[in-house]
Amino acid sequence: MAYIENHVLYYRKSCPFCQKVLHFMNKYNINLDKRETTEPGNQDDLIRIGGKKQVPCLVIDGRAMYESDDICDYLRQFAE
């Protein structure tokens, strides 16, 4: 699948809900920017965008979407 522009997934490797979203993306070959919140600056960016450090967070054109089920439901439209 082609790269999905204007979408960024903020995640933490140790988060089971993040792993659920990442697995879904891998299964359906969904490709977009991903940012691990333990890397410098990423958590600060997440808080600036959404007002909290909750992950997973899918940022769509600057708007934050939380909850793994909601993110997977949204990404389903891009599934192959």
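I need the full set of residues from segment 69-80 which are more than 9 Å from the chain's Cα centre (by Cα) and either within 19 Å of PRO16 (Cβ to Cβ) or touching a residue at least 12 places away in the same chain (Cβ under 8 Å) (or both), in order please.
Scanning segment 69-80 gives ASP69, ASP70, CYS72, ASP73, TYR74, LEU75, ARG76, PHE78, ALA79, GLU80.
Determine whether segment 26-38 contains at least one residue that is over 16 Å from GLN77 (Cα atoms) and more than 12 Å from the chain's Cα centre (by Cα).
Yes, because at least one residue in segment 26-38 is over 16 Å from GLN77 (Cα atoms) and more than 12 Å from the chain's Cα centre (by Cα).
Report every pair of residues separated by at least 6 positions or lying on different chains whose Cβ atoms are under 7 Å apart, first residue within segment 39-61 and within 13 Å of ARG12 (Cα to Cα) and assigned to a loop (DSSP other than H, G, I, E, B), second at pLDDT 95 or above and of a type in the set (Phe, Trp, Tyr).
GLN54/TYR66; VAL55/TYR10; VAL55/TYR11; PRO56/TYR10; PRO56/TYR11; PRO56/PHE17
Across segment 54-80, what is the total count of residues that are touching a Leu at 6+ places or on another chain (Cβ under 9 Å) and under 12 Å from TYR28 (Cα atoms)?
Summing the residues that are touching a Leu at 6+ places or on another chain (Cβ under 9 Å) and under 12 Å from TYR28 (Cα atoms) in segment 54-80 gives 2.
The values are calculated or read from the model by the stated rules, or taken from the named source; none is laboratory data. All figures in this text were calculated on a predicted structure; none of them were measured in a lab. Virtual Cβ from ideal backbone geometry, glycine too; neighbours counted across all protein chains shown.
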